[in-house]
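Notes follow once the structure below has been shown.
The values are calculated or read from the model by the stated rules, or taken from the named source; none is laboratory data. Computed from a predicted model, the values in this text were never measured in an experiment. When we count neighbours, we look across all protein chains shown, and the Cβ atoms used for this are built from the backbone with ideal geometry, even at glycine. Accessible surface areas use protein heavy atoms only, side chains included; no ligands, DNA or RNA. Shrake-Rupley method; radii C 1.70, N 1.55, O 1.52, S 1.80 Å.
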Amino acid sequence: MIEYTPNIEAADGSAEAFVYTPGDGPHPGLLFYTDIFGIRPEAQEVAKRYAEAGYTVMMPNLFYRHGKLPLFDFEFKFGEERTMKLLGALFGSLTGAMMEKDAPLYVEALLNRNDVLGEKIAVVGYCFTGAMALRTAAVVPDKVAAAASFHGGRLVSDDEDSPHTRIPQVKAELYFGHAVEDQTATPEQIAKLEDTLKAWGGQFQSEMYEGALHGWTMPGRDVFNEKQAERHYEKMLDLLKRKIG
């Protein structure tokens, strides 16, 4: 596997990025959006799993407006003042409107690489950025073949620009893997998401991962669920194989 560390010209500045590729010719492209904790070894481990399966994976620093990597220079602990203050700043540095400004530039940066095959890519988002994966499929509909969200939060809200309102613009196949007991994706919100998906009429799957709490896919988290994490890889790799090869 080959690792590159390009800088991507995003809407409001330069975003650091990591790219992983098998290295034996061009491969289909996957845009990987990290959770709120950003690029770190655990997220890179997940990205490398996709690269090992035959994809060129690009992981941009989505929070470049806040600052350069590493985003955390201390051990984060939920409830601890310093951690919660930084999380608030990170959330504030990537609004829905900012996501939609950056997304086309990330897609272009991936498609323009010599080690990427095809005219369409796939995108996956975790936690906070499940919504960004959906928004990406909506704002660049002709260049995104598949978009997936795992333990995605805030996919449905009362805001005028709630992520679920973008679904009618999407042409890609969509996948949503939900966590149980997730305050950012309640049963009522999931039901509203699924009603919108059914009215849209495109290809989609929305399912619950039993026993898997929010954040279950990421190694090193106290909520990591190895069995369901492996299932998430299986689901994602099936989607990638069918939609981008």
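Only one residue in GLY67, GLY79 is open to solvent by less than 60 Å² (accessible area, probe 1.4 Å), more than 30 Å from GLU194 (Cβ to Cβ), of a type in the set (Gly, Ala, Ser) and over 19 Å from the mean Cα position of the chain (by Cα), so which one is that?
Among GLY67, GLY79, only GLY67 is open to solvent by less than 60 Å² (accessible area, probe 1.4 Å), more than 30 Å from GLU194 (Cβ to Cβ), of a type in the set (Gly, Ala, Ser) and over 19 Å from the mean Cα position of the chain (by Cα).
Looking only at residues that are small (Gly, Ala, Ser) and free of Cβ contacts under 8 Å to residues at least 60 places away in the same chain in the stretch 184-231, which one is farthest from SER157 (Cα to Cα)?
Only one residue tops the list, namely ALA229.
Provide a single number: the residues in the stretch 120-169 that are open to solvent by less than 10 Å² (accessible area, probe 1.4 Å) and part of a strand (DSSP E or B).
12
Can you confirm whether LEU30 is within 28 Å of LYS241 (Cβ to Cβ), assigned to a helix (DSSP H, G or I) and of a type outside the set (Asp, Glu)?
no
Are any residues in the stretch 1-32 among the aromatic types (Phe, Trp, Tyr) and free of Cβ contacts under 8 Å to residues at least 24 places away in the same chain, and if so, which ones?
Passing the criteria: only TYR4.
In this structure, is HIS178 at pLDDT 95 or above, in contact with a Phe, Trp or Tyr (Cβ under 7 Å, 6 or more places away or on another chain) and either open to solvent by less than 10 Å² (accessible area, probe 1.4 Å) or not aromatic (Phe, Trp, Tyr) (or both)?
It is true that HIS178 is at pLDDT 95 or above, in contact with a Phe, Trp or Tyr (Cβ under 7 Å, 6 or more places away or on another chain) and either open to solvent by less than 10 Å² (accessible area, probe 1.4 Å) or not aromatic (Phe, Trp, Tyr) (or both).
Under 8 Å by Cβ, and 6 or more places apart or on different chains, what pairs join a residue from the stretch 161-175 that is on the phi < 0 side of the Ramachandran plot with one that is open to solvent by 50 Å² or more (accessible area, probe 1.4 Å) and among the polar types (S, T, N, Q)?
Going by the 8 Å Cβ cut-off, the qualifying pairs are GLU173/GLN203; LEU174/GLN203; LEU174/GLN205; TYR175/GLN205.
Quick one: in the stretch 94-118, of everything that is in contact with a helix residue (DSSP H, G or I) (Cβ under 7 Å, 6 or more places away or on another chain) and assigned to a strand (DSSP E or B), which residue is most open to solvent (accessible area, probe 1.4 Å)?
Across the stretch 94-118, the extreme among qualifying residues is GLY118.
Just for the stretch 1-27: of the residues that are outside any strand (DSSP E or B) and of a type in the set (Gly, Ala, Ser), which one is nearest to GLY245 (Cα to Cα)?
GLY25
How many of the residues in the stretch 203-236 are more than 22 Å from PRO41 (Cβ to Cβ) and surrounded by 15 or more Cβ atoms within 10 Å (Cβ to Cβ)?
Residues flagged as more than 22 Å from PRO41 (Cβ to Cβ) and surrounded by 15 or more Cβ atoms within 10 Å (Cβ to Cβ) within the stretch 203-236 amount to 7.
Residues in the stretch 73-87: is at least one farther than 17 Å from ILE39 by Cα, polar (S, T, N, Q) and without any contact (Cβ under 8 Å) to a residue 24 or more places away in the chain?
The answer is no, given that none of the residues of the stretch 73-87 is farther than 17 Å from ILE39 by Cα, polar (S, T, N, Q) and without any contact (Cβ under 8 Å) to a residue 24 or more places away in the chain.
Please go through the stretch 170-194 and give me each residue that is under 13 Å from CYS127 (Cα atoms), within 18 Å of the chain's Cα centre (by Cα) and part of a loop (DSSP other than H, G, I, E, B), ordered by number.
Answer for the stretch 170-194, where residues must be under 13 Å from CYS127 (Cα atoms), within 18 Å of the chain's Cα centre (by Cα) and part of a loop (DSSP other than H, G, I, E, B): ALA179, ASP182, THR184, ALA185.
Report, by residue number, each residue of the stretch 11-54 that is in contact with a Phe, Trp or Tyr (Cβ under 6 Å, 6 or more places away or on another chain), among the small types (Gly, Ala, Ser) and open to solvent by 10 Å² or more (accessible area, probe 1.4 Å).
The one that is in contact with a Phe, Trp or Tyr (Cβ under 6 Å, 6 or more places away or on another chain), among the small types (Gly, Ala, Ser) and open to solvent by 10 Å² or more (accessible area, probe 1.4 Å): GLY13.
Mind checking which pairs have a first residue in the stretch 142-159 that is farther than 23 Å from ASP238 by Cβ and a second that is basic (Lys, Arg) and surrounded by fewer than 24 Cβ atoms within 10 Å (Cβ to Cβ), Cβ under 6 Å, 6 or more apart or different chains?
Listed pairs, sorted by first residue: VAL156/LYS192.
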